[in-house]
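Heads up: the structure comes next, in C-alpha cells.
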Amino acid sequence: MRFNKNVQEVLNKQVNAEFWSAYLYLSMSSYLAQKGLTGFANWMRVQFQEETSHALKLFDYIIARGGEVKLEPIAEVETDWSSIKDIFESTYKHECKVTDMIHNCYEVALKERDHAAANMLQWFIDEQAEEEENALAIIDQLKFVGDNGPALYMLDKELATRVFVDATQAAK
Ligand code: FEO
C-alpha cells in the first residue's frame, strides 16, 4: 500500500511537535538547574530525551514507509515560569495538547484506511496516557510538599534518580 500523503503530512507535523516538546522540556531543565533543583532538572532532561526518541520513532516510521521527512524550523519555547508547580502544570497542559494531536494523527490514519500507521500510533496513544499521569503525579506531590523546604529537597533527590530508557526501541 502506497504511503498516503495526508498521513505523511500529519506525521511530519508530529515530528516537529515532538522536537518542540523536547526543546520545551530542555528549557524547563535549564530553568530548574539554575534554581539549584538538580533532581527536577534531571527529570526534565530525561523528558527531553523521551521527546527526542518520540520524534525519531516517527522519523524512522516515515522513512520505513518510503515517505519523505520534512524537518521544519522549531519554534521558540518559553524560558520563564512563576514556580515549580507552574512548570509541571504547563507540562500537564502541554501533554494534553500532544494527546489531541496524536488522536488527530490516528483519526487521519483511520480515515485514509492506513491501518499500519494507525497501529503504530497506538503506541503513542498509550504513551500519552502515561505522560499525562506522570505530570499529574508530580503536581500532586508538589501540592503535598507546599512550602516545606526539606520535603521539596527530598522530592528533588527522588527525581534525581530518573534515568532515560528508550521505550520506543522495546516497542519495535
Ligand atoms: Fe511525545 Fe510528551 O509526548
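Here, each number is a calculation from the coordinates, and none is a lab measurement. Quick caveat, the model's predicted, so the values are computed rather than measured. Every residue, glycine among them, receives a Cβ derived from its backbone with ideal geometry; neighbour counts consider all protein chains shown.
Quick notes on this one:
- Taking 31 Å as the limit for the C-alpha separation, the pairs K35/K57; K13/K143; K70/K97 exceed it in the case of K35/K57; K13/K143.
- Normalised convex hull volume, region 72-172, alpha-carbon set, Å³ per residue: 131 Å³
- Low-density loop cleavage sites - trypsin sites (Lys or Arg not before Pro) in region 1-86, where at most 15 other Cβ are within 10 Å (DSSP): R2, K35, K70
- Debye-formula intensities of the chain, expressed as log10 I(q)/I(0) at q = 0.13, 0.18 Å⁻¹, are -0.66, -1.11 (one equal scatterer per alpha-carbon, no solvent).
- Translational diffusion coefficient (Stokes-Einstein; Kirkwood radius from C-alpha pairs) of region 1-97 at 25 °C, 0.890 mPa s, in µm²/s: 170 µm²/s
- Contact order relative to length of the chain, as percent, for alpha carbon pairs under 8 angstrom and 6 or more apart: 32 percent
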